[in-house]
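Trainee: Here it is, the structure, as structure tokens.
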Amino acid sequence: MPRNSSYSRFALANLESRRWSRRGRVRSIMGVMWLLCSGFLWQSVVAAETGAAETGVGTTRFVDHSLVIAPEYPCTWPSYPFPRFQLTRQRAIGPDSAYNVDVLLIDGNTGTQLDVPPHSVARPDLNREKSGPLGLAYTDTIEPWQFGGEACVVDVRDLLDKAPKGVSPLVRPEHVQRFEKQHRELQFGDVVLFRSDYSDQYYRPFPEGRRFIADVLDRKAPGYPDPDPNCMEFLATRKVMTLGTDSASMGPLPELAEPTHYAGLRHGMIWTEGATNLGSLPPTGAFYCMLSPKHEGGPYAEGRAFSIVGGELPARLIASCRNKRALDLSPTLSPKYPLTSPGLGTGNHRQTYVKVDFLYSDYLDMWHHGHLMDAMAGAHLVPPSYALPPPGVNPAYDPEVRGWLAEYEAKYGARGTSSMTTEQVPLDWTCGEARVIDVRSLVGTTNARQWPASPEITVQHLQAYEGTHGALTPGDVVIFHTGHNDKYLRPQPADAALWRQPLQGESEGWPAPGPDAIVYLKKRGIRCVATDAPDIGGVEPRRALMTYWALGSQEMVGVEFLVNVGKAPKNAYFLFAALKVRDCHGGPGRAIVLH
């Protein structure tokens, strides 16, 4: 992913000194390392296990194309100074916390990932050879319709390992033309996916995992298949805007990584690197989607790729993307914004979102960066294990929480347990028909003397919605439109009204469902509840915990911290996917609707 466009400035002058030739293995290895440090190989490599799960009901299946992110897998680019992925258990359910709280140190070049034009296209104000308007098309500005389309699987398995060590077999225009001869001509709205089965075969835990990237860089194994610049230019003539590869990067080694990237990105293309399980797709007809956190000024991002196969749904979603009918419901991730809770009382805040610079690109005048972030920063997933302990564990809660638990279980039954962390949540749980329930009428209904308090969304509110808009049905995604984030999500120092003032009782909290509403939604077959408020629980600790207990014990999930929900049209389809981080009790992601 992070490839430094400074390559274009001086790589040609040094090309001969870096050729993979009889000048010797040591010189070749040093050449690759130079390319990495100068940014030539900006590829954020792919980390995740192969054989992604398929979920679904009836004729429609969700197919996961994402590599699992875990420390013992080759999920990050292995060369200096790229940061290694880390997951920190900041708090566990017990005396000092009713929740499992995780913190991530993650670089956009981790796992299955997204590249956008500023990866290689310089900003227009720099007035350089590769400058242009697309140098501003960061991950937070790309239009959401471009994330999806019709999967067109170009089979290049015949190229796998068919090259010298350290060298990538090249996907050329004739390979794409072979696909067109067998199937149909490519067109705008297609997502071209290069299937070599590279990640399926070589993404393994260490030490075997070195074969995925490190052994290629060390010239111990053939490179991963990738398109050459001419292939990118050919795809541009077909108006293809979105690509994917199951190789570790879209840039062939040793010399064409940056030329290939620029050849595609200069046309406004975006693509997935490190996809997997492409063999589960038909050559055409499936809907493919790549969703990633919305990092401010990000030239690339860690992400989650998946497809929908069978039934009528893929054609519907493909048509939405072809016609650019999409809406982003995710806030921009930036250190300027209050993306995580400041907590109640000193020392109870969640990890703030921090940008971590690690490599400067002179040509792009840009720091390549990772992030230190709470696993629930911005739009994120709430899995059952967030508030439920694992099976066989009886946590020693604080005495006050023990009292709340006794009260909860007297009314709702056993709290239950769960080991379902983020990577285990089926993709079809967080995707479905968008049922937006407007609860803004609840704003201003609490008594200021009782603050901190959140207006409660009750069963009666849900039934009133159904009386007007029709019954909720299994597979729907219920989205509460509170208007809170749209109104109060502001950069510092004007950020107090979002979290701090409601939590401290200086203003009313956001509308939030109680446990009764959650239990009712489960009876209607709902798996996912979303909100455009900071969280689903609200500002009252007791009721919030009961709501999360209900959510987990009913085997339901939440999606929190959305924006723009009020702009979602009727008959929209909601898509959300969290990063596939193993053993994580949260998960940043991206939410969009197609209509």
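No lab work stands behind these numbers, since they all come straight from the coordinates. No experiment lies behind these values; they were computed from the predicted model shown. Note that we place each Cβ from the backbone using ideal geometry, even for glycine, and neighbour counts take in every protein chain shown.
Trainee: By per-residue mean of other Cβ atoms within 10 Å, what is the highest-first order of 351-363, 405-417? Let's see the in-between values first.
Mentor: Working: 351-363: 16.8, 405-417: 14.0.
Top to bottom by mean Cβ count within 10 Å: 351-363, 405-417.
Trainee: Can you give the helix-only mean residue ellipticity at 222 nm for the chain, where every DSSP H stretch with n ≥ 4 adds -39500 (n - 2.57) and the sum goes over all residues, rounded to the nearest 500 deg cm²/dmol?
Mentor: -6000 deg cm²/dmol, from helical runs alone.
Trainee: Under a point spin-label approximation (7 Å from Cα along Cα-to-Cβ), what is the E312-E407 distance to one decimal in nm?
Mentor: About 4.7 nm separates the two model spin labels.
Trainee: Rounded to the nearest 0.05, what FRET efficiency do R204 and K162 have when you use their Cβ-Cβ distance and R0 = 25 Å?
Mentor: 0.75
Trainee: Hey, got the dipole for the stretch 490-545? About the Cα centre, +1 on K and R Cβ, -1 on D and E Cβ, debye to the nearest 20? Before the final figure, lay out the partial values.
Mentor: On the way: 8 positive and 7 negative charges, 81 e Å.
It comes to approximately 380 debye.
Trainee: Report Rg (one decimal) and Dmax (nearest whole number) for the stretch 376-594, counting Cα atoms only, units Å.
Mentor: 16.5, 47
Trainee: Let me ask something else. What order, most packed first, do the peptides 388-397, 261-270, 315-324, 585-594 have when packing is the mean number of other Cβ atoms within 10 Å of each residue?
Mentor: 585-594, 261-270, 315-324, 388-397
Trainee: HN-Hα J couplings of the stretch 118-128 from phi, Karplus 6.51/-1.76/1.60, θ = phi - 60°, integer Hz, Gly and Pro as x?
Mentor: Once rounded to whole Hz, the list reads x, 4, 9, 8, 7, 4, x, 5, 7, 6, 9.
Trainee: Can you tell me the relative contact order of the stretch 345-416? Whole percent, Cα pairs under 8 Å, sequence separation 6 or more.
Mentor: It rounds to 21 percent for the stretch 345-416.
Trainee: I've got another one for you. Please list, or write none, the lysines whose alpha carbon is within less than 20 Å of the alpha carbon of K294, excluding same-chain residues fewer than 8 places away.
Mentor: Those lysines meeting the cut-off are K324, K336, K355, K487, K567, K580.
Trainee: Amide H to amide H, which residues 5 or more places from D438 or on other chains are under 5 Å from it, using H placed in the peptide plane?
Mentor: Those qualifying (amide H under 5 Å, at least 5 residues apart or on another chain) are H481.
Trainee: Collect residues whose amide H, placed 1.01 Å from N in the peptide plane, falls under 5 Å from the amide H of T110; neighbours closer than 5 in sequence don't count.
Mentor: Under 5 Å from the amide H of T110 lie the amide H atoms of E302, each far enough along the sequence or on another chain.
Trainee: Return the equivalent ellipsoid semi-axes of the chain as a descending list in whole Å, where each equals the square root of 5 times an eigenvalue of the C-alpha gyration tensor.
Mentor: Rounded to whole Å, the semi-axes are 42, 25, 22.
Trainee: Still on this model: Which of A550, V167, L562 sits farthest toward the positive end of the charge dipole of the chain, with +1 on the Cβ of Lys and Arg and -1 on the Cβ of Asp and Glu?
Mentor: After comparing all options, I get V167.
Trainee: Additional query: Using label points projected 7 Å from each Cα along Cα→Cβ, tell me how many nm separate E185 and L344, to one decimal.
Mentor: Roughly 6.5 nm, to one decimal.
Trainee: So how much slack lies between V356 and A448, counting 0.36 nm per residue of separation and subtracting their Cα-Cα distance, in nm?
Mentor: So the extension gain works out to 29.0 nm.
Trainee: Take every Cα pair under 8 Å in the stretch 376-594 that's 6+ residues apart, average their separations, divide by the length, and report that relative contact order as a whole percent.
Mentor: Once normalised by length, the contact order is 33 percent.
Trainee: Where the only charges are on Cβ atoms (+1 Lys, Arg; -1 Asp, Glu), what is the dipole of the chain about its Cα centre, to the nearest 20 debye?
Mentor: In total the dipole reaches around 840 debye.
Trainee: Taking every DSSP beta bridge with both residues inside the chain, roughly what % is antiparallel (nearest 5)? Display every interim value, and only then the final one.
Mentor: Values: 59 of 91 bridges.
Given both bridge residues lie in the chain, the antiparallel proportion sits at roughly 65 percent.
Trainee: What order do you get for 83-93, 233-243 when each peptide is scored by the mean count of other beta carbon atoms within 10 Å, highest first?
Mentor: 233-243, 83-93
Trainee: Over the chain, calculate the relative contact order: mean separation of alpha carbon pairs under 8 Å at least 6 apart, over the residue count, as a percent. Don't jump to the answer; show the numbers that get you there.
Mentor: Details: 1607 pairs, mean separation 102.1, N = 595.
Relative contact order here is 17 percent.
Trainee: Continuing with the same structure: Note the full-extension length gain between D96 and Y80 as 0.36 nm times their separation in residues minus their Cα-Cα distance, in nm to one decimal.
Mentor: In short, 2.0 nm is gained.
Trainee: Using θ = phi - 60° and the Karplus form 6.51 cos²θ - 1.76 cosθ + 1.60, what ³J(HN,Hα) does each residue of the stretch 478-488 get, whole Hz, x for Gly and Pro?
Mentor: Whole-Hz 3J(HN,Hα) from phi for the stretch 478-488: 7, 10, 7, 9, 9, x, 5, 5, 4, 7, 10.
Trainee: I've got another one for you. In Å, what is the Rg of the alpha-carbon atoms in the stretch 331-428, and how long is Dmax?
Mentor: When restricted to Cα atoms, the stretch 331-428 yields Rg and Dmax of 19.1, 64 Å.
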